[in-house]
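Every number in this text was worked out from the coordinates using simple rules, so none of it is lab data. Not measured: the values here are computed from a predicted model. Cβ sites come from the backbone with ideal geometry, for glycine too, and all protein chains shown count toward neighbours.
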Amino acid sequence: MGAPRYDRFARWLHALMGLALLAQIGFGFALDELAPRGTPARAGVINLHKSWGLILLGLLLLRLFWRLRQPSPGWPARMSRAQTLAALWGHRALYACMLLMPLSAYLASNFSKHGIKFFGHAIAPWGPESPAVYAALNGFHKGLAWVFCALILGHIAMALKHHFVDRDGLLQRIWP
Ligand code: HEM
Ligand code: HEM
């Protein structure tokens, strides 16, 4: 019997979402370059970012549902208590960012007259137009993006440490 791994679906979803999130973050930071404010291309490009962001929110909900039904394989015995606690809270923080990034911006969009065009299909905003609420939620989205980037960098660094320094097979457990 081999060492316990994440199941096939969890492994593929981790890889798919990892790549898609990195692309979405790059897309977000490139928005002003791709379509500067006030240009005709702006609305289309922003709505593409919004549409993919909502797809990622849907994938995250599927992932959380799956994860709660199918627990993780547990930690290698060599990890200290401090290490497993850091990993646990690091992973929780990544899940929180995956949830709050799209959720904050989705909420923001409902306090703006522009609302969301989901791949061209207009979804009317359910909130009143409020520049103050929009600015607060949008500011949260933009601030959290940096926290998310820092967490992802730390996460990748730790994954590489497990693979090349500790050589404990942790990376193989989640690699498709
Ligand atoms: C996991 C999903 C998402 C990620 C990782 C993400 C990431 C980002 C990033 C990195 C930026 C650039 C921030 C900056 O310029 O400092 C950005 C901007 C933006 N995002 Fe997202 N986003 C996601 C989902 C969404 C969703 C669902 C919406 C709306 C429904 C949205 C609406 C926006 C808007 C309007 C901006 C431009 C903000 C501005 O410049 O004022 N995003 N996003
Ligand atoms: C946007 C990028 C990424 C995000 C948001 C992310 C998120 C996560 C989360 C939330 C977990 C915890 C899984 C659970 O127990 O439910 C996890 C585990 C893990 N991820 Fe990532 N990940 C990303 C990219 C990567 C990359 C690029 C690598 C490899 C270089 C990687 C390697 C790992 C490893 C080794 C584990 C632990 C597996 C185990 O416990 O056996 N991740 N990731």
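Does LYS117 qualify as being in contact (Cβ under 8 Å) with a residue 12 or more places away in the chain and part of a strand (DSSP E or B)?
So LYS117 passes the test.
Here's the yes/no breakdown for (1) closer than 30 Å to ASP168 by Cβ; (2) of a type in the set (Ser, Thr, Tyr); (3) in contact (Cβ under 8 Å) with a residue 24 or more places away in the chain:
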position: GLN24; (1), (2), (3): no, no, yes
position: PRO36; (1), (2), (3): no, no, no
position: ARG42; (1), (2), (3): no, no, no
position: TRP75; (1), (2), (3): yes, no, no
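Which of the residues belonging to the stretch 91-111 are more than 8 Å from ligand 2 (Cβ to nearest atom) and either touching a Leu at 6+ places or on another chain (Cβ under 6 Å) or touching a residue at least 40 places away in the same chain (Cβ under 8 Å) (or both)?
Hits for the stretch 91-111 are ALA93, LEU99, LEU100, MET101, PRO102, LEU103, SER104, ALA105, TYR106, LEU107, ALA108, SER109.
Here is a yes/no grid of residues against (1) closer than 16 Å to ILE25 by Cβ; (2) more than 23 Å from the chain's Cα centre (by Cα); (3) within 13 Å of ligand 1 (Cβ to nearest atom); (4) outside any helix (DSSP H, G or I):
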| position | (1), (2), (3), (4) |
| --- | --- |
| ALA82 | no, yes, no, no |
| ALA93 | yes, no, no, no |
| SER104 | yes, no, yes, no |
| ALA132 | no, yes, no, no |
| LYS142 | yes, no, yes, no |
| LEU153 | yes, no, no, no |
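Take PRO176 and decide whether it is of a type outside the set (S, T, N, Q), under 19 Å from LEU21 (Cβ atoms), out of contact with any strand residue (DSSP E or B) (no Cβ under 6 Å at 6 or more places or on another chain) and more than 12 Å from ligand 1 (Cβ to nearest atom).
Yes; evaluated as a whole, the condition is true for this residue.
What's the total number of residues in the stretch 131-176 that are in contact with a Phe, Trp or Tyr (Cβ under 6 Å, 6 or more places away or on another chain), surrounded by 14 or more Cβ atoms within 10 Å (Cβ to Cβ) and closer than 29 Å to LEU48 by Cα?
Result for the stretch 131-176: 2.
Would the stretch 44-57 turn up any residue that is within 12 Å of ligand 2 (Cβ to nearest atom) and either of a type outside the set (Ser, Thr, Tyr) or outside any helix (DSSP H, G or I) (or both)?
Scanning the stretch 44-57, I find at least one residue that is within 12 Å of ligand 2 (Cβ to nearest atom) and either of a type outside the set (Ser, Thr, Tyr) or outside any helix (DSSP H, G or I) (or both), so the answer is yes.
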